[in-house]
Amino acid sequence: MNMEKNKNIKEVLNLIPEKGFIKVSGMKPVVLKKEEKVALIRKGNELFNSGKYDLAKKIFLTTGYTDGLIRLGKYYYKNNQALEALRMFWLAPYKKGINQLLYKFVHIIGSWLSEDKQKDLERK
């Protein structure tokens, strides 16, 4: 029973991408002139509003536009992409969004552990 559980854990761990779920290091805004940054942010907002989220994300990440990253995080969250939402909130940094997602993740993991414990008790 324990060996099977360890095998399942190893299988799950092998599914995790080598670089992890969220990469946040090394992502710093590019140094731009004020006019360039304003123009890019305006273009990013236009792209976001027209539903071109991937292009808007590139611009918001490049410029370090906090409000845009937060809006992207909320968009990803509403579309069941919690890890990408966490990544955007983390880069913003938007503590309210980070805390909400972490609370949700802890609750989910807790319920998984509770289910696992219940299954172990039922097997005995």
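Residue-by-condition table, conditions (1) closer than 23 Å to Asp67 by Cβ; (2) in contact with a Cys (Cβ under 7 Å, 6 or more places away or on another chain); (3) surrounded by 11 or more Cβ atoms within 10 Å (Cβ to Cβ); (4) free of Cβ contacts under 8 Å to residues at least 40 places away in the same chain:
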site: Asn79; (1), (2), (3), (4): yes, no, yes, yes
site: Leu83; (1), (2), (3), (4): yes, no, yes, no
site: Leu86; (1), (2), (3), (4): yes, no, yes, no
site: Trp90; (1), (2), (3), (4): yes, no, yes, no
site: Asn99; (1), (2), (3), (4): yes, no, yes, yes
site: His107; (1), (2), (3), (4): no, no, no, yes
site: Trp112; (1), (2), (3), (4): no, no, no, yes
site: Gln118; (1), (2), (3), (4): no, no, no, yes
site: Arg123; (1), (2), (3), (4): no, no, no, no
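Mind listing whichever residues of region 72-112 are closer than 24 Å to Ser50 by Cβ and of a type in the set (Gly, Ala, Ser)? Give the steps one after another, and end with the answer.
Quick first cut of region 72-112, residues closer than 24 Å to Ser50 by Cβ only: 72-81, 84-85, 87-89, 91-92, 94, 97.
Result: Gly73, Ala85, Ala92, Gly97.
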Any hit, region 50-68, residues being outside any helix (DSSP H, G or I), surrounded by 10 or more Cβ atoms within 10 Å (Cβ to Cβ) and modelled with pLDDT under 80: no
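The values are calculated or read from the model by the stated rules, or taken from the named source; none is laboratory data. Because the structure is a prediction, the values reported are computed rather than measured. Here the Cβ is made from the backbone with ideal geometry for all residues, glycine too, and neighbour counts use every protein chain on show.
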